[in-house]
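The values are calculated or read from the model by the stated rules, or taken from the named source; none is laboratory data. Treat the numbers as computed from the prediction; the structure is a model and nothing was measured. In this analysis, Cβ positions are derived from the backbone assuming ideal geometry, glycine residues included, and neighbour counts consider all displayed protein chains. The area values use the complete protein model at the heavy-atom level, side chains included, leaving out ligands, DNA and RNA. Shrake-Rupley method; radii C 1.70, N 1.55, O 1.52, S 1.80 Å.
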Amino acid sequence: MSNGIRVRRDVQSLLTDGDDGEQVLRDYAEAITKMRQLDPGPDDPADPLSWRFQAAIHGLPGLQPSPSHPKLWSSCRHNSWFFLAWHRVYLLAFEKVIQFHLDDDTWALPYWDYTKTDDDTSRVLPAPFRSPRTNNPLFTSRREPSINAETNPQSLPAEFTDAIDALKRLDYALEAADSTTSFGGGIIVDAIPGVRARGTLELTPHGLVHGGVGGENPPGLMSRFETAGLDPIFWLHHCNLDRLWDVWIVRHGADALPDDQVWLDTEFEYFDTDKQKKSKPIADILVSADLGYSYESIEPPAGTPAPRPRRFVRTLMAEPEGPEVAKPDIIGATTRVDFSRRSAVPIGIARRPEARGLVAPGGDGGTERWYLRVEDIEGKAPAVPAYGVYLNLPDDASPAEHADRRVGTIASFGITEASEPAEGGIGVTDVFEITDAVEALREAGSWDEESVWVTIVPMHVTGEAEDGGDVRAGRISIYAG
Ligand code: C2O
């Protein structure tokens, strides 16, 4: 602590710090116990300073999401450019509630940084959360058992925790249809948008870590909006996402954030420790030091490449930045793809002859770009946390042995909620850039200019799963140009 700025610490480094470090987690556990004492019963969160009330702000079973509930219940904002900002305000208010119960305004929420590419142990759920000893407030059995095992825990798959792909994105937000190619999400103005548009970070690592920790058989606390806030690790997970937002800002500059007044003026409400509702506009929360905290580290994960020059960035829907950049065209699609088991679908591709081999001036990064869109993914009961998306995966081949053919991973987290009628009922759409994969397939002689096979593989944290649940996509389409 210096200058009144509290440091949000890396939970792994707290745990190697001996007693002082561990005290931060003991304090957290103590505050959780006090918060739980304020809850009369599971169905009636009465006090804004209680555990269930705080979790209910994210979601409450049976209560449809709405941004305007009088007690703020079920008000979390997902699948858009409001995702990080809403959760920043939520986290800040929660941290203050913990400080209130500890009577210590220097206490800072730790973060779980599972994104360390040079440390496999970072992907293991931190030990204090896995210990089922009696009355451990940090433990819950409602998680994926292999991840939650006290001894020999399974670590999250590396493809669930990757932050590099998100940190590379130059655009904070893009038109909703293009959102997964942005860092922060789709631009929407309505509370219930026509396209559920999660950004790269919201998908990976955010959604995959939710599903990986929660599991799906049955869904654990972390696997649904309406229960996620009841798992003590939720807050450390979101603290890490909030930190990754700072990592992105430092990397790309604060002026890369949206300057749209609609976004800057959007306010999010929270309950202060005097139990009064207050609110903050996004414009006031963009600098974490102004909010009284900083992070132990805002280094990007080892191996994060330097940002690509902006003039070469080509997005799917937005108008190109420069005359040398063409907008990709749809070149093929297939409808109604079933995710209930591994399924391979052929997509015929037909490109405008003049577009073939299009190369823009400027060399690397100026060549054509390819995208795969998986649209309107919906379902009530995913049976796995994730679905791997592969290009030209040979029949019966093990996906694990063909990691190079994986072009993306779809998170189950959020699919159930986006399939609710109150949320528009249209599911989520994810977009993956496949330029490098197409290039590699061409080089390997495994590419056909007329058709491509897309394989969807239901994924458990331990590998391929047989049953993917009732999830399906309305359409899968390919863009190039
Ligand atoms: Cu609003 Cu990670 O969830």
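Going through (1) surrounded by fewer than 21 Cβ atoms within 10 Å (Cβ to Cβ); (2) not in a strand (DSSP E or B) one by one, Val384 falls short only on (1). Any residue at all in the stretch 108-116 that is away from the ligand (no atom under 12 Å from the Cβ), surrounded by fewer than 22 Cβ atoms within 10 Å (Cβ to Cβ) and farther than 17 Å from Pro45 by Cα? Yes, the conditions are met somewhere in the stretch 108-116.
Suppose the filter is surrounded by 16 or more Cβ atoms within 10 Å (Cβ to Cβ), within 16 Å of the ligand (Cβ to nearest atom), β-branched (Val, Ile, Thr) and in a helix (DSSP H, G or I); does Val24 pass it? So Val24 fails the test.
Could you tell me whether the stretch 97-116 includes any residue that is at positive phi, among the acidic types (Asp, Glu) and more than 18 Å from the chain's Cα centre (by Cα)? Yes, because at least one residue in the stretch 97-116 is at positive phi, among the acidic types (Asp, Glu) and more than 18 Å from the chain's Cα centre (by Cα).
Residues in the stretch 432-463 that are modelled with pLDDT of 95 or more and open to solvent by 60 Å² or more (accessible area, probe 1.4 Å): Trp453 alone.
Only residues that are open to solvent by less than 10 Å² (accessible area, probe 1.4 Å) and under 24 Å from the mean Cα position of the chain (by Cα) were counted across the stretch 464-481, and they come to 6.
In the stretch 48-73, how many are closer than 16 Å to Ser223 by Cα, among the small types (Gly, Ala, Ser) and within 15 Å of the ligand (Cβ to nearest atom)? So the answer is 3. Quickly run through the stretch 32-68 and pick out the residues that are in a helix (DSSP H, G or I) and under 23 Å from Phe225 (Cβ atoms). Scanning the stretch 32-68 gives Ile32, Met35, Arg36, Trp51, Arg52, Phe53, Gln54, Ala55, Ala56, Ile57, His58. The number of residues in the stretch 220-271 being open to solvent by 30 Å² or more (accessible area, probe 1.4 Å), within 16 Å of the ligand (Cβ to nearest atom) and in a helix (DSSP H, G or I) comes to 1.
When Thr429, Thr416 are checked against the criterion of being part of a strand (DSSP E or B), out of contact with any helix residue (DSSP H, G or I) (no Cβ under 6 Å at 6 or more places or on another chain) and at pLDDT below 95, Thr429 stands alone in meeting it. Looking across the stretch 142-170, not a single residue is open to solvent by less than 30 Å² (accessible area, probe 1.4 Å), of a type in the set (Ser, Thr, Tyr) and in a loop (DSSP other than H, G, I, E, B).
Consider the stretch 74-96 and keep the residues that are more than 13 Å from the ligand (Cβ to nearest atom) and open to solvent by less than 40 Å² (accessible area, probe 1.4 Å). The one that is nearest to the chain's Cα centre (by Cα) is Trp81. Checking the structure you have, find out if any residue of the stretch 53-75 is more than 27 Å from Gly414 (Cα to Cα) and touching a His at 6+ places or on another chain (Cβ under 8 Å). No: zero hits.
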